[in-house]
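Encoded as C-alpha cells, the structure appears first; notes follow it.
The values are calculated or read from the model by the stated rules, or taken from the named source; none is laboratory data. Since the structure is predicted, the reported quantities are computational estimates derived from the model, not experimental observations. Backbone-built Cβ (ideal geometry, glycine too); neighbour counts: all protein chains shown. To get the accessible areas, we keep the full protein, side chains included, count just its heavy atoms, and leave off ligands, DNA and RNA. Shrake-Rupley method; radii C 1.70, N 1.55, O 1.52, S 1.80 Å.
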Amino acid sequence: MDAEEKDTNAEGESKDDGLLHIAIEFEGGIGDYLINANWYWYFYNKYVGDTVSVDIYAKSKSILSVFSEELPHTAIYPGLRPDWGQYDAVFTVARVPWLLSCNEARISELSPNLYEYVLLCRQYREENRLICDNKPFLDGFQGLQSISQGIKRIQQADIYGKMGIDEEYRFPVKIQEDEDAYLDSLGLKGVPFILVHRGWDASNGTSDFHVKAWSLKSCGDILKRIKARFPAYKLLLLGLSERQSLNPDGCDLNLVGKTNLEQAKVLLKHASCLVDNEGGMVHLRHALHGGASVVMFGPTAVQLFGYSENVNLTSGVCKQWCEWLFKSWTYKCAETGEGNHPCMEAITTDDVLAGMSEILEGGLASA
C-alpha cells in the first residue's frame with residue numbers, strides 16, 4: 001500500500017452516520033502486532049471516542065489473540081484489506097503510522113483533536129517520504145534514525161514523541177485460557193519452570209533455518225546443560241515445529257507443536273525465565289509482564305529491540321547489525337556473503353547459562 005495519499009471523496013463517499021470512520025491496517029508478524037497494539041492504546045485513549053469508530057485490519061488471525069478483549073468503538077478484521085472509499089482516514093502501521101488517505105474536512109469538523117494528529121502524520125510522511133515509498137527496504141535506515149534518537153522499537157510509532165510512549169507495555173493483552181487449569185494439566189501449578197523457545201512466525205516458513213534463530217550447531221546440548229545447572233526448575237521446550245526446534249533431549253516437557261497461542265501466553269507469563277532469540281515470543285512475554293528473558297541478538301539491533309528487563313546477548317563478531325541494510329539480509333551474511341550467520345553461531349551455551357544465572361540467581365526472575 002505505497003500509493004500516494006488520497007482524499008477519501010475521490011475514492012468514494014465515506015459512511016454518513018455522524019461518525020468518523022478510521023481504518024488502520026497492521027502489518028508484520030505477532031511481534032509487530034503487539035508493538036502496534038501498544039501504540040493503539042495511546043491512540044485510542046487520546047483520539048477514539050463517541051465521534052470516532054476504528055476498524056483494524058491485519059493479514060493474520062493472530063491479531064485476535066492480541067485484541068482478545070472488545071474495545072468500544074473498535075472492530076477487528078483479520079484476513080481482510082480496507083476499502084479506502086468507506087473511511088475518512090486510512091493508516092497502515094508496521095514501524096510507524098503512515099497516513100494513506102484522509103478526508104480533512106470531515107475530520108477537522110468532527111474531531112479537531114484527531115485532526116491535529118492527522119496533520120502530524122502528514123508532516124511525518126512528507127519528511128520521510130523516501131522511507132514510506134520504499135518500505136520495508138529502508139526499515140534498517142529508519143532503525144538507525146531511531147537508535148540515534150534513543151528510541152526503541154516499542155516507541156517507533158510515536159512520531160515526534162507526541163504520545164509519550166515509553167518502554168513499559170500498556171495495552172491490556174488478555175489470556176483466553178484458564179491459567180491455573182492449564183498449568184495444573186502440565187503438572188506446573190506452583191512449580192518453577194524455565195521455558196526455551198526456538199522458532200519463528202509461521203508466515204516466515206517452517207524450514208530449520210531463520211536469520212534470527214540461534215544456530216542449531218552452536219546450541220549443542222544446551223538443554224542438558226540447563227537441566228544440570230538449574231535442577232530445581234522444570235525445563236520446557238516450546239516451538240512451532242520439530243524442524244525449527246532444538247533436540248528435546250534433556251527437557252522435562254516437550255511442547256513443540258503442542259500449544260496454541262493462548263496456552264503459550266500462559267507459559268510465557270509464568271515462566272521463571274525464557275531463553276529465546278529476538279522475536280515474537282520475547283515481545284509477547286514483555287507485553288504480559290512475565291519477567292526477564294535471555295535473548296540472543298544477531299542481525300537485529302539490540303539497541304532497538306532489546307528490553308531493559310532482559311539479558312540481551314550479542315556475540316560482537318560483526319561490525320554492524322544488518323536487518324534491512326541490504327535486500328538479501330534474511331538469508332545471506334553481510335560480511336561473508338554466505339548463508340551462515342556468524343553473529344548467531346558465535347553465541348555460546350556458556351553465554352546463555354551465564355545470562356540465565358543472572359536472572360535466576362541475581363533476582364531478575366518473575367515473582
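Looking only at residues in segment 38-47 that are out of contact with any helix residue (DSSP H, G or I) (no Cβ under 9 Å at 6 or more places or on another chain), open to solvent by 10 Å² or more (accessible area, probe 1.4 Å) and aromatic (Phe, Trp, Tyr), which one is nearest to Pro112 (Cα to Cα)?
Tyr44
Any chance segment 233-242 includes a residue that's within 30 Å of Asp166 (Cβ to Cβ) and more than 16 Å from the chain's Cα centre (by Cα)?
Checking segment 233-242: at least one residue is within 30 Å of Asp166 (Cβ to Cβ) and more than 16 Å from the chain's Cα centre (by Cα).
Tell me, please, whether a residue that is open to solvent by 60 Å² or more (accessible area, probe 1.4 Å) and either under 20 Å from the mean Cα position of the chain (by Cα) or modelled with pLDDT of 95 or more (or both) can be found in segment 15-37.
No, because not a single residue in segment 15-37 is open to solvent by 60 Å² or more (accessible area, probe 1.4 Å) and either under 20 Å from the mean Cα position of the chain (by Cα) or modelled with pLDDT of 95 or more (or both).
Please specify each residue of segment 139-169 satisfying the condition of being at negative phi, among the hydroxyl-bearing types (Ser, Thr, Tyr) and open to solvent by 40 Å² or more (accessible area, probe 1.4 Å).
Ser148
Run Leu246 past the list (1) modelled with pLDDT of 85 or more; (2) in contact with a Cys (Cβ under 9 Å, 6 or more places away or on another chain) and report the number of the one that doesn't hold.
(1)
Spot the failing condition for Arg81; the list is (1) part of a helix (DSSP H, G or I); (2) in contact with a strand residue (DSSP E or B) (Cβ under 9 Å, 6 or more places away or on another chain); (3) open to solvent by 60 Å² or more (accessible area, probe 1.4 Å), and only one is missed.
It fails just one condition, (1).
Going by the conditions given, is Lys227 outside any loop (DSSP other than H, G, I, E, B) and either on the phi < 0 side of the Ramachandran plot or crowded, with 19+ Cβ neighbours inside 10 Å (or both)? Spell out the reasoning first.
Values: outside any loop (DSSP other than H, G, I, E, B): yes; either on the phi < 0 side of the Ramachandran plot or crowded, with 19+ Cβ neighbours inside 10 Å (or both): yes.
For Lys227, the condition - outside any loop (DSSP other than H, G, I, E, B) and either on the phi < 0 side of the Ramachandran plot or crowded, with 19+ Cβ neighbours inside 10 Å (or both) - is met.
Results for (1) of a type in the set (A, V, I, L, M); (2) more than 18 Å from Leu183 (Cα to Cα), shown as yes or no for each residue.
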position	(1), (2)
Gly250	no, yes
Val256	yes, no
Glu262	no, no
His270	no, no
Met281	yes, yes
Arg285	no, no
His289	no, no
Ala292	yes, yes
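Taking segment 141-169, which residues are part of a helix (DSSP H, G or I), over 22 Å from Leu268 (Cα atoms) and of a type outside the set (Phe, Trp, Tyr)? Let's see the steps before the verdict.
Kept after step one, since they are part of a helix (DSSP H, G or I), are these residues of segment 141-169: 141-148, 153-155, 159-161.
With over 22 Å from Leu268 (Cα atoms) added as a condition, the list becomes 141-148, 155, 159-161.
Gln142, Gly143, Leu144, Gln145, Ser146, Ile147, Ser148, Gln155, Ile159, Gly161 - these are the residues of segment 141-169 that are part of a helix (DSSP H, G or I), over 22 Å from Leu268 (Cα atoms) and of a type outside the set (Phe, Trp, Tyr).
Identify all residues within segment 48-74 that are touching a Ser or Thr at 6+ places or on another chain (Cβ under 7 Å), in contact (Cβ under 8 Å) with a residue 40 or more places away in the chain and open to solvent by less than 30 Å² (accessible area, probe 1.4 Å); write none if there are none.
Result: Val52, single match.
Could you grab me the full set of residues in segment 234-255 that are in a loop (DSSP other than H, G, I, E, B) and surrounded by fewer than 21 Cβ atoms within 10 Å (Cβ to Cβ)?
Correct list: Leu240, Ser241, Glu242, Arg243, Asn247, Pro248, Asp249, Gly250, Asp252, Leu255.
For (1) at pLDDT below 95; (2) farther than 15 Å from Lys46 by Cβ; (3) buried (at least 20 other Cβ atoms within 10 Å of the Cβ); (4) polar (S, T, N, Q), each residue gets a yes or a no:
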{"residue": "Asp88", "(1), (2), (3), (4)": "no, yes, yes, no"}
{"residue": "Phe91", "(1), (2), (3), (4)": "no, no, yes, no"}
{"residue": "Tyr117", "(1), (2), (3), (4)": "no, no, yes, no"}
{"residue": "Arg122", "(1), (2), (3), (4)": "no, yes, no, no"}
{"residue": "Cys132", "(1), (2), (3), (4)": "yes, yes, yes, no"}
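Answer yes or no as to whether Val191 is of a type in the set (A, V, I, L, M, F, W, C), more than 18 Å from Tyr307 (Cβ to Cβ) and at pLDDT 95 or above.
In short, yes.
Looking only at segment 170-186, count how many residues are open to solvent by 60 Å² or more (accessible area, probe 1.4 Å), part of a loop (DSSP other than H, G, I, E, B) and out of contact with any helix residue (DSSP H, G or I) (no Cβ under 6 Å at 6 or more places or on another chain).
2
Can you tell me which residues in segment 26-61 are closer than 20 Å to Arg170 by Cα and assigned to a strand (DSSP E or B)?
Within segment 26-61, Phe26, Val54, Ile56 qualify.
For segment 273-367, which helices (runs of 4 or more DSSP H) that fit wholly inside it have 2 or more residues that are under 30 Å from Phe171 (Cα atoms) and either open to solvent by 10 Å² or more (accessible area, probe 1.4 Å) or of a type in the set (Ser, Thr, Tyr) (or both)? Walk me through it before giving the result.
Numbers: elements: 280-287, 302-305, 342-345, 349-360.
So the answer is 280-287, 302-305, 349-360.
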